[in-house]
Amino acid sequence: MYKTKLQFWTNLIVVATVAYSSSSLAMADWPTFRGPNASSIAAKANIPTEFSAEGSKNIAWKVPMPGRGVGGAIVVDGQVITTSSSGIDQRRIFVTSVSEKDGKVLWQQQLVARGRPYCHPSSANAAPTPVTDGKRVFAFYSSNDLACLDLQGNLLWYRALAVDYPKAGNDVGMSSSPVVADGVVLVQIECQGDSFAAGLDAETGETLWRISRPTQANWASPLAAKTADGKSLFILQCGKSLEAYQPTSGKQLWATEMACSSIPSTSYDGNQLFVPSKGLTLLELGSQDQPPKQAWNNNKLGANSASPIVYKGSVYTVNRTVLVKGDALTGELKWQLRLPEAGSIWSTPVLAGKHMFVFTEDGRCFVVDLEEEGGKIVATNALGENVLGSPAISGDSMFVRSTDTLWKISRN
Amino acid sequence: MKNLLKIASVAMLAMGSMIASESSLPANDASGAIKTLQSIEPGDKPLRAAQQAAKLLQAQDSKLVIDVLQAMDQATPLGKNWLTSVAVSLRSKSPGVSRDSLEKFFTETKHDGEARYLVFSWLTEGQADLRSKMLETMLDDSSPEIRYAAIAQAFERATKDVAKEQLPADSLKKLLDSARHPNQVVEIIGKLKEAGVEVHQANHFGFLANWKVIGPFDNVGQKAFNTIYPVESDLVSGKFAADANYAGKNGEVAWKDAVGDDTEGAVDLNPIFEKEKGAIVYARTVYPSKKAQSCELRLDASTLTKFGSTARK
């Protein structure tokens, strides 16, 4: 009887421990670049279509950031988290957490970049968007400094990857955002020097695996995808190929020769990969280690900077100043909508309800009703600051990182 | 029932002990943890120890902030980042760090520049006027970041919306004396030029632009790199003669003048040696220095594989 009861209590302790561990993973509304599943979609969000910096119309709050940033924000555990860089050569790098609710700065951590921080004047050292696994935040910079923080802003580990690999760098700036899956953080560092991708242990920062990559500049971000049977994949694109890797081992699962773009990143929907290659190419995934098969390609669905978005059987891309809609199943071009005098568009749009929010570099936002035939611009809003990072959405709020400010857009 | 509760408590204590014993640092060894972080080197190996040390320090209270900042004086570059992050975390905790202790740390210019800049940012947080006032006196601060910010402020004040005819040349010259960052130096020299004052950028940085060069000597296949050619023996033994001739790769060679006349004082060897490959060339310059000091040699080449140097007192 004694042994049985001891077993009972031991099991209870184990169960309680596991339950506690699970509940300590915070809800991540927008955990990564392009949000859940890198989809850029918050289907049920009700974001105001009109907002303006002037008069603070539907601007719940705006918070000045400690430096420049061209990546997006993420949202986790009621916190909106973004990176910044400032000071000499933008070497001072920051991670700032702001309360989703009221814009109060909850914590701010800082380091000094040890890699090359140089970049084009339109960019910043704080270019990649951070990522969270629900209990940690992984902040990456163009200088190839990578910091892992807990949700209270304490540093858990730090890697100066450009110190480990001194030829890793690109003085135009690097911007591939990290991704995380199965306890592994993937960084894609592709340049003309030390060019590689590495899977790091999310808990310790130790390198689990590292693979050489083509020595060519590449600003696209990797994708953490799941096959239809729920297996994780890391997908990497470059000018020569699209490749899939098993996250924990770094084992290459497949590779397909194709000339992928170096700026817009691959998107996925179920077992379909929408790859910015020769316009846009749809690949259909099989099992985890089977190369995907091409379903279609259409060079009229190409994008120059923003990544494609797939929604309700349609695929949307931004080609310079034109929003393009295609049929996701067939690749047929459906319509093209000119965004008048949009100038440069770097940010991948977000989709909320039936509206797409497209930010231009000069901080204007075209709001497009996608259910209208041919798409219809229903509003053009202005923040008055440059926007290069992609927005994040949580609840009925949109969080926009302009170069110097973090904004919350929601109904007043 | 009491026995069962005792057993459960013992089991939980045992589990707790097992977890605690995974750390190699004693629970209260803050100074040991600081030393660990000070010496962090690149790569994977130091990570676990760094993590444990940071975790131990993050659990302390804010009284440790000054010790952590002081430790940055003797820390590696990576160590400084770990210590910075710990200082930032601790500062936010109770009972807080006294302003007096921060000011004392800041005024001791012997401390690490990054640490002092961090403290400067804390002291002036939310106080733009105070920040401006402090920067006015810091044009020659030992911290590159503080100096950079001070010069940026002074430069803006001196030049913003000021017509060329009214640019304060004397003030700009003083700023130039303090400036160290190339971007700021170039900006100030540009404004001085607008004000009618010419400054040679290479001279400002102390680049040695006047050289004598000789070659080419054979080094096809890198086979002769360690060869001590007669010209090198003569140089090392102090027998330099500007009119000396030596047997080179393609015939007799003699010393030639090479002057770096661009803004960076760089000497381009390509036109002098007609883009010769598989060769060794020698370059000589003399700088009379009152004391022994180090100097920096910079080479820029897409095909160069090695170079060597000798210095004579």
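List of remarks:
- Residue in the range A:295-303 that is of a type in the set (F, W, Y), part of a strand (DSSP E or B) and without any contact (Cβ under 8 Å) to a residue 40 or more places away in the chain present: yes
- Of all the listed residues (B:G215, B:G238), the sole one being touching a residue at least 12 places away in the same chain (Cβ under 8 Å) and surrounded by fewer than 17 Cβ atoms within 10 Å (Cβ to Cβ) is B:G238.
- Residue that is modelled with the lowest pLDDT, among those in the range B:67-104 that are crowded, with 20+ Cβ neighbours inside 10 Å and away from every other protein chain (no Cβ under 12 Å): B:V97
Yes or no, residue by residue, for (1) out of contact with any Leu (no Cβ under 9 Å at 6 or more places or on another chain); (2) more than 21 Å from A:K278 (Cα to Cα):
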{"position": "A:A306", "(1), (2)": "yes, no"}
{"position": "A:T321", "(1), (2)": "no, no"}
{"position": "A:W335", "(1), (2)": "no, no"}
{"position": "A:E341", "(1), (2)": "yes, yes"}
{"position": "A:I345", "(1), (2)": "no, no"}
{"position": "A:G374", "(1), (2)": "no, yes"}
{"position": "A:L383", "(1), (2)": "yes, yes"}
{"position": "A:V387", "(1), (2)": "yes, yes"}
{"position": "A:S394", "(1), (2)": "yes, yes"}
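Okay, residues lined up against (1) modelled with pLDDT of 95 or more; (2) surrounded by fewer than 16 Cβ atoms within 10 Å (Cβ to Cβ); (3) of a type in the set (S, T, N, Q):
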{"site": "A:W30", "(1), (2), (3)": "yes, no, no"}
{"site": "A:A38", "(1), (2), (3)": "yes, no, no"}
{"site": "A:E54", "(1), (2), (3)": "no, yes, no"}
{"site": "A:S85", "(1), (2), (3)": "yes, no, yes"}
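Residue by residue, here is whether (1) among the charged types (D, E, K, R); (2) in a loop (DSSP other than H, G, I, E, B); (3) more than 34 Å from the chain's Cα centre (by Cα) holds:
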{"site": "B:F207", "(1), (2), (3)": "no, yes, no"}
{"site": "B:F217", "(1), (2), (3)": "no, no, yes"}
{"site": "B:T227", "(1), (2), (3)": "no, yes, yes"}
{"site": "B:K239", "(1), (2), (3)": "yes, yes, yes"}
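- Every pair of residues 6+ apart whose Cβ atoms lie under 6 Å, when the first sits in the range A:205-226 and is over 23 Å from A:G35 (Cα atoms) while the second is hydroxyl-bearing (S, T, Y): A:R213/A:S195; A:T215/A:S195
- Selection status of A:F94, of a type in the set (F, W, Y), within 14 Å of chain B (Cβ to nearest Cβ) and either under 30 Å from B:G126 (Cβ atoms) or surrounded by fewer than 24 Cβ atoms within 10 Å (Cβ to Cβ) (or both): yes
- Taking the range A:124-215 as the region of interest, the strands (runs of 3 or more DSSP E) fully inside it that hold 3 or more residues being surrounded by 23 or more Cβ atoms within 10 Å (Cβ to Cβ) and within 12 Å of chain B (Cβ to nearest Cβ) are A:145-150, A:155-160.
- Positions within the range A:237-254 being in contact with a Pro (Cβ under 7 Å, 6 or more places away or on another chain) and closer than 13 Å to A:K293 by Cα, in sequence order: A:W254
- Residue-level analysis places A:G115 outside the set of residues that are without any contact (Cβ under 8 Å) to a residue 24 or more places away in the chain, closer than 27 Å to A:Y165 by Cα and of a type in the set (G, A, S).
- Sole residue being touching a strand residue (DSSP E or B) at 6+ places or on another chain (Cβ under 6 Å) and either at positive phi or at pLDDT 95 or above (or both), chosen from A:S99, A:S142: A:S99
- Selection status of B:A11, modelled with pLDDT under 95, surrounded by fewer than 19 Cβ atoms within 10 Å (Cβ to Cβ) and away from chain A (no Cβ under 12 Å): no
- The lone exception for A:P117 - which of (1) within 11 Å of chain B (Cβ to nearest Cβ); (2) in contact with a helix residue (DSSP H, G or I) (Cβ under 7 Å, 6 or more places away or on another chain) it fails: (1)
- Restricting the range B:279-308 to residues that are polar (S, T, N, Q) and within 23 Å of B:I228 (Cα to Cα), the residue that is modelled with the highest pLDDT is B:T285.
- Check on B:D234, more than 34 Å from the chain's Cα centre (by Cα), acidic (D, E) and assigned to a loop (DSSP other than H, G, I, E, B): no
- Of residues in the range B:249-298 being of a type in the set (K, R) and crowded, with 16+ Cβ neighbours inside 10 Å, the one nearest to the chain's Cα centre (by Cα): B:R284
- Selection of first residues in the range B:60-75 that are polar (S, T, N, Q) and of second residues that are buried (at least 16 other Cβ atoms within 10 Å of the Cβ) and outside any helix (DSSP H, G or I), restricted to Cβ pairs under 6 Å at least 6 apart or on distinct chains, gives the following pairs, ordered by first then second residue: B:S62/B:K93; B:S62/B:V97.
- Single match in A:L351, A:L388, A:L333 (criterion: of a type outside the set (G, A, S) and in contact with a helix residue (DSSP H, G or I) (Cβ under 8 Å, 6 or more places away or on another chain)): A:L333
- Total residues in the range A:102-114, condition within 14 Å of chain B (Cβ to nearest Cβ) and on the phi > 0 side of the Ramachandran plot: 0
- Residue match in the range A:57-77 (condition: of a type in the set (D, E) and in contact with a Gly (Cβ under 7 Å, 6 or more places away or on another chain)): no
- Residue within the range A:72-91 that is over 29 Å from A:A379 (Cα atoms), within 11 Å of another protein chain (Cβ to nearest Cβ) and among the charged types (D, E, K, R) present: yes
- Qualifying positions in the range A:381-412 - under 15 Å from A:K57 (Cβ atoms) and touching a Lys or Arg at 6+ places or on another chain (Cβ under 6 Å): A:A382, A:S397, A:W407
- Hey, B:R180 within 14 Å of another protein chain (Cβ to nearest Cβ), within 22 Å of the chain's Cα centre (by Cα) and assigned to a helix (DSSP H, G or I) or not: no
The values are calculated or read from the model by the stated rules, or taken from the named source; none is laboratory data. Note that the coordinates shown come from a computational prediction; the quantities given were computed from them, not determined experimentally. Virtual Cβ from ideal backbone geometry, glycine too; neighbours counted across all protein chains shown.
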